[in-house]
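Everything on this sheet refers to the single structure shown next.
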Amino acid sequence: MAGLLVALALAPGDHEITLVDRDPPPPEGGPDAAFFEWKRRGVGQLRHSHGFLARMREVIRARHPAFLEQLRDAGCREIGFTEMTPLALRAFYEPESGDEEMVILTSRRTTFELLLRRYAQALPGVTIAPDTFVRALAIESGDGALRVTGAAVERDGRTEAWPADVVIDAQGRLSACAEQLRAAGAQIGEESEDCGILYFTRHYRRTAEDPPPARATATGDLAYIKYGRFPGDNGCFSITLAVPEMEAELRAAVVRPEVFDHICALLPGIAAWVDPAGAEPISPVYGMGDLKNHWRRFVSDDQRAILGFFSVGDSLVRTNPLYGRGCSFAAVQSESLGQVLRETTDPAVRARLYDVRVTEALRPFYDDMCGLDRDAIRRARAARGPARPASLAERVGRSFREDGVAIAVRSDLPLLRAALREFNMLDPPRAWIRRPSTLVKSLDRWARGRAANARYYPPLLGPGRAEMLEALGLKAAA
């Protein structure tokens with residue numbers, strides 16, 4: 001996906017772009033053929049839930065509106081601000097400038113990638129080489145700098161040298177480019193920490209009308225499990241269950257389809273969607289582990305840069321897929337790279353400028369998500385056994401967050417709008433929550449009390465850990 005987004009950022013233009021893909025091309029046909037038949041060994045997340053945030057949609061809308069139309073024509077959905085609004089607020093909604101930007105694209109990942117590939121391949125100057133493997137970078141050393149001048153690629157059983165003015169690594173988390181560059185003497189900064197969860201996804205197709213809108217939320221966090229329902233294209237949708245790594249019994253069982261469906265049936269926000277009377281499964285349960293937050297820098301602290309080489313997507317920055325920002329990160333990186341390549345031809349300036357712009361645009365979101373993951377790991381650990389009694393300060397803080405801030409967001413359209421703009425990467429993280437007006441509104445809701453705010457609370461998200469494990473016949477180990 002990242003490589004295709006780079007093609008969108010650079011084409012049409014003066015560049016000749018070759019996308020090297022280790023996997024075979026997609027099958028002939030439409031979205032269902034891609035979902036059921038496309039073999040993508042290099043894309044472990046291909047059949048997991050995806051939602052494409054407004055930040056990414058805005059990039060597409062601004063530069064490639066024809067592609068956006070193709071997505072709509074193929075059955076991809078657009079979820080606007082009103083659909084993200086709680087039922088209690090919809091009657092009071094009045095459009096404001098900027099709301100038209102706050103639209104999420106949803107489809108099966110295979111559908112989006114199929115259409116993106118076909119669109120990119122039709123752009124002037126773009127060629128896709130499938131069933132082709134990058135075996136090694138071509139690296140030269142001189143004048144105290146490393147320069148990447150191309151790559152050795154293998155196709156049809158033959159290895160060839162492909163020269164290039166610019167080499168872009170979009171190979172994802174399995175990329176070996178960083179190791180090759182380090183072996184040649186490059187200084188590459190790297191930091192990494194576990195997300196603390198595993199992912200499990202199953203796809204369904206509606207066989208009846210969608211359930212009516214309900215107060216029960218389509219996403220939820222119960223500490224011992226997180227869940228989300230993702231609308232897809234052409235009557236399809238998916239459910240993802242995220243299980244903490246420490247929940248060994250639960251994560252070993254959830255991969256079984258009957259257990260996955262049983263869990264879904266016990267979660268009020270998605271139970272109606274997976275009712276066999278209105279939906280049928282169309283996939284097994286897909287699992288995904290080894291999830292890490294990961295940030296690389298290819299410009300050293302003393303500003304030494306690797307020339308002619310750039311990294312985009314998961315080979316540069318990886319984040320917890322729970323937040324749905326991976327593709328949006330890749331879109332922002334691709335746009336930044338396209339701008340840099342157009343602004344200057346100096347390879348050292350290009351490398352440093354790209355590093356600066358990616359850091360400015362994405363580092364605040366990355367740091368925020370890492371903090372959220374650390375907090376989630378702490379809560380998952382606390383849910384497993386008897387916890388120490390909370391202090392007065394902890395109880396007051398939790399009450400203010402849950403009964404003040406959260407209720408203010410669910411009861412105030414301007415606050416909800418600000419929170420969703422952050423979620424969609426249209427505004428910096430946490431900017432809205434630091435505003436004095438947010439504090440005032442949160443204190444007001446908090447002071448009113450739970451009874452006065454009752455209509456703004458969502459229904460119970462699901463059973464507690466012990467109740468869920470008992471329902472599944474699992475041992476509630478601490």
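The values are calculated or read from the model by the stated rules, or taken from the named source; none is laboratory data. Worth saying up front: this structure is predicted, and the values here are computed from it rather than measured. Here the Cβ positions follow ideal geometry from the backbone for every residue, glycine too, while neighbour counts run over all protein chains shown. These area figures cover heavy atoms from the full protein model, side chains too; ligands, DNA and RNA do not enter into them. Shrake-Rupley method; radii C 1.70, N 1.55, O 1.52, S 1.80 Å.
Worth a mention:
- Positive-end extreme of charge dipole, the chain - chosen from 241, 54, 122 (charges on Cβ): 241
- Dividing the Cα radius of gyration of the stretch 1-132 by its Kirkwood radius returns 1.03 for Rg/Rh.
- Gain in span if fully extended, residue 271 to residue 131, counting 0.36 nm per residue against the direct Cα distance: 46.2 nm
- At least 20 Å along the helix axis (C-alpha) and Kyte average at least -1.0, DSSP helices within the chain: 326-343, 347-383
- Estimated FRET transfer efficiency (residue 194, residue 474; beta-carbon r; R0 22 Å; 0.05): 0.40
- Value at 222 nm in deg cm²/dmol, rounded to 500, when DSSP H runs of n ≥ 4 in the chain each add -39,500 (n - 2.57): -11000 deg cm²/dmol
- Taking the Cα centre of the chain as reference, the dipole from Cβ charges on Lys and Arg (+1) and Asp and Glu (-1) amounts to some 1440 debye.
- At 0.692 mPa s and 37 °C, Stokes D of the stretch 262-402 from Kirkwood alpha-carbon radius, µm² per second: 171
- Full extension of the chain segment joining residue 165 with residue 396 gains 77.3 nm, where the gain is 0.36 nm per residue of separation less the Cα-Cα distance.
- Local electrostatic count, residue 436, Cβ distance below 15 Å [Lys/Arg +1, Asp/Glu -1]: +2
- Cα-centred dipole magnitude for the stretch 348-390, charges only on beta-carbon of K, R (+1) and D, E (-1), debye, nearest 20: 240
- Only one residue of 464, 183, 67 has its Cα farthest out toward the positive end of the dipole of the chain, where Lys and Arg carry +1 and Asp and Glu -1 on Cβ, and that residue is 464.
- On the chain, 54 percent of the accessible area sits on carbon and sulfur atoms, based on a 1.4 Å probe.
- Average Cα contact separation per residue, the chain, under 8 Å, 6 or more apart, as relative contact order %: 19
- Using the Cβ-Cβ distance between residue 378 and residue 97 with R0 = 51 Å, the FRET efficiency computed as 1/(1 + (r/R0)^6) comes to roughly 0.80.
- Length added when fully stretched, residue 300-residue 439, from 0.36 nm per residue minus Cα-Cα: 46.0 nm
- Inter-site label distance for residue 141 and residue 455 at 7 Å from Cα along Cβ, in nm: 7.1
- By the compact-protein rule of thumb, 2.2 N^0.38 Å, the alpha-carbon radius of gyration of the chain corresponds to a ratio of 1.02.
- In a reduced charge model with +1 at each Lys and Arg Cβ and -1 at each Asp and Glu Cβ, the stretch 159-288 shows a dipole moment near 440 debye about its Cα centre.
- Global form of the stretch 356-434, assessed from the alpha-carbon gyration tensor, a/c cut-off 1.5: oblate
- Here's the list of lysines a cross-link from residue 475 could span, going by alpha-carbon distance under 30 Å and ignoring same-chain residues fewer than 8 apart: 226, 292.
- Summed residue charge, Cβ within 14 Å of residue 145's Cβ, Lys/Arg positive, Asp/Glu negative: 0
- Annotation: per residue accessible area for the chain equals 46 Å², rounded to a whole number [probe 1.4 Å, protein chains only].
- For the peptides 349-358, 256-265, 51-60, the ranking by mean Cβ contacts within 10 Å, running from highest to lowest, is 51-60, 349-358, 256-265.
- Dipole axis of the stretch 372-417 (+1 Lys, Arg; -1 Asp, Glu on Cβ), positive-most option in 405, 385, 415: 385
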